[in-house]
Each structure stands twice: as structure tokens, then as C-alpha cells.
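Notes for the one structure printed next.
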Amino acid sequence: MEAHISFGIVIFSGLLAACLQVSLGTLLLLYHASFGKNIRVKTKKLASSFISGVTLMNFLLLGTAIFLVNSLFPGGLLPRYFFYIILGILVVLAFFAWLFYYKRKGTTELWLPRRLARYIDTRAKTTNDISEGFSLGLLVPLAEIVFTLPLIVLSADAILRLDTLYQALGLVVFTIFGSLPLLVMRIFIRRGHNVAEVQRWRLKNKTFFRIFTGAGFMVFAIFLYAFVILKGVS
């Protein structure tokens, strides 16, 4: 597999992970609850600790996947049949995103099981210190592991196919792209926009996000088939 295709997989995976909404929605909840009970400086610290937790967990998930792929598969790389399995999963996730990612019209409520959604909601509303914000950030990426796991596994394989010099760069690229929406929203709010504006924007554009996310998984499946499976994995 050529280096540019490997980096393409890593970048595409990071962008798709960035399109998912649980981390962004949780950060909005954290902002909303924090503004009501804390001074602005503490709110910034809570947001920073949450984003740090999300970023670290994304890094750890990909790092763990790299270790497991390298340890469990012959030659430290995924066998050919594995790409067909992931291709099928990506297609299924595309239709799931189109049909079920948002639960109800008129809200931004996501597909999460109600018990998990209530738990995250409660944690976000009761978070008061930096350690709690950080631990919440560590938890949230696991809530959408169903969507991100195939992306992480593909990225792990792609990184292992790179020269050693570029493997660390691939790991950093995926981590940064996965956390990019949180960083953008933090800048957006620091420049004077309020949480209500952001939430109204999410609600107004949720159809676009649903279609775009599903299309992203479908395009990634086509990319995987055209540039990896048809060309032969090597």
C-alpha cells in the first residue's frame, strides 16, 4: 500500500470520527451547566480538561489498535479478508447514520441507549472540577466505539504500513482530526458566541450532518474497495 493511500485512510478516518456528535454534544452540555454555576475562568478549565480527555482517549484507542494489529496478525498487518469485513461494516454504518443517528425530529437527541445518554447527561451537568471533566472526556469516545472502531482498525493497519519515521505522524494526525470539532467550538465560544447559538445551529443543520456522516461512511467504503481491495493489499 502506497504511503499516500495510507495517509488518506488515516485522514479520512479522522474526519469521519470528527463528524460524530456525542463528544460535541457533551461539551455543549458541560458549557451550559458550567456557565450557570461557575465563574468563566473555571468554565474554560473544565472545557480544556474535557477536550484533553477526549484527545487522550482517541490517542490511546488508536495506539492500542496498532499494538493489537501488530501482535495478532501475521506480518503485523490485517489479512485481505479483514478488509471485506470492514467494508461491509462501513456500509451498514452509513445506513445506520442516515436512518437512526438522530432519534426524534426537532431535537439533537442521538442514537445512544437511554441509560447511557442519561448517565452522560448527568455527568456533564454535575461536573465541577478538572479531574471530573477529564474523566468525562475519557469516557465519551467509548460511547461511539461502534462507529469509530472500524475507523481505528483501518487507521492502525494503514499506520503500520508506513515507514517508521511517519508512523508517529499518522497517530498524531488521526488524534488531532478526531478532536478538531471540539477545539473549533471552544474557539467559537471564546469569541463571544453563546451555547444557545451553537445548539440552534446544530439543530438547524442536523439533517445535513446526518446525510453527510452517512455519505462519508459510504464514500470511505468505496475508497477502501477501489484503492485497497481492488488494487490488492500489500
Completion exercise
Label model pair Val146, Leu180: point-to-point distance (7 angstrom along the Cα→beta-carbon line) in nm is 2.6
Completion exercise
Highest mean packing first, using Cβ neighbours within 10 angstrom, the peptides 5-13, 23-31, 94-102 sort as 23-31, 5-13, 94-102
Practice task
Work out the FRET efficiency for Leu169 and Leu56 from their Cβ-Cβ distance, taking R0 = 22 Å, and round it to the nearest 0.05.
Solution key: 0.75
Practice task
Rank Leu99, Phe59, Ile85 by how far each Cα sits towards the positive end of the charge dipole of segment 55-133 (+1 on Lys, Arg Cβ; -1 on Asp, Glu Cβ) and give me just the farthest.
Solution key: Leu99
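Take the alpha carbon atoms of segment 19-88, find their radius of gyration, then divide it by 2.2 N^0.38 Å using N residues; give the quotient.
Values: Rg = 18.7 Å, N = 70, 2.2 N^0.38 = 11.1 Å.
Working it through for segment 19-88, the quotient is 1.69.
What ranking, highest mean first, results for peptides 78-85, 179-186 when packing means the other Cβ atoms within 10 Å averaged over each residue?
179-186, 78-85
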Exercise for the section: Between Lys44 and Phe73, take the C-beta separation as r, use R0 = 45 Å, and let me know the FRET efficiency to the nearest 0.05. Expected result: 0.55
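Work out the FRET efficiency for Thr64 and His193 from their Cβ-Cβ distance, taking R0 = 35 Å, and round it to the nearest 0.05.
Values: r = 36 Å, r/R0 = 1.03.
Using R0 = 35 Å, I get an efficiency of 0.45.
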Practice task
Please turn the phi angles of segment 45-56 into ³J(HN,Hα) values with the Karplus equation 6.51 cos²θ - 1.76 cosθ + 1.60 (θ = phi - 60°), one per residue in order, whole Hz, x for glycine and proline.
Solution key: 5, 5, 5, 5, 5, 5, 4, 4, x, 4, 4, 5
Exercise for the section: Would you mind working out the magnitude of the charge dipole of segment 82-234 relative to its Cα centre, with +1 at each Lys and Arg C-beta and -1 at each Asp and Glu C-beta, to the nearest 20 Debye? Expected result: 760
Problem - Crossing angle, helix 145-160 versus the chain [Cα axis fit, 0-90 degrees, rounded to tens] - result: 50
Completion exercise
Taking Cα atoms, the helix 195-204 axis meets the longest principal axis of the chain at an angle in degrees (rounded to 10) of 50
Handout entry: Label zone at Val92, where the point sits 7 Å out along the Cα-to-Cβ direction: segment 187-217 residues whose backbone N lies under 19 Å
Key = 214-217
Fill in the blank from the handout: Using alpha-carbon positions, the gyration tensor of segment 74-143 gives root eigenvalues a ≥ b ≥ c; with a/c under 1.5 called rounded, otherwise prolate if a/b exceeds b/c, else oblate, the class is oblate
Completion exercise
Per-residue ellipticity at 222 nm attributable to helices in the chain (runs of n ≥ 4 DSSP H, -39500 (n - 2.57) apiece, nearest 500 deg cm²/dmol) works out to -26500 deg cm²/dmol
Problem - 0 to 90° range, to nearest 10: angle between helix 164-190 axis and the chain longest Cα axis - result: 20
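Can you give the charge dipole size of segment 1-160 about its Cα centre, rounded to the nearest 20 debye, using +1 on the beta carbon of Lys and Arg and -1 on the beta carbon of Asp and Glu?
800
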Exercise for the section: Report, in whole Å, the centroid distance computed from the Cα atoms of segment 1-22 and segment 181-234. Expected result: 11
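None of the figures in this text is laboratory data; all of them are computed from the coordinates on show. As the structure is a prediction and not an experimental result, all values here were calculated from the model. Every residue, glycine among them, receives a Cβ derived from its backbone with ideal geometry; neighbour counts consider all protein chains shown.
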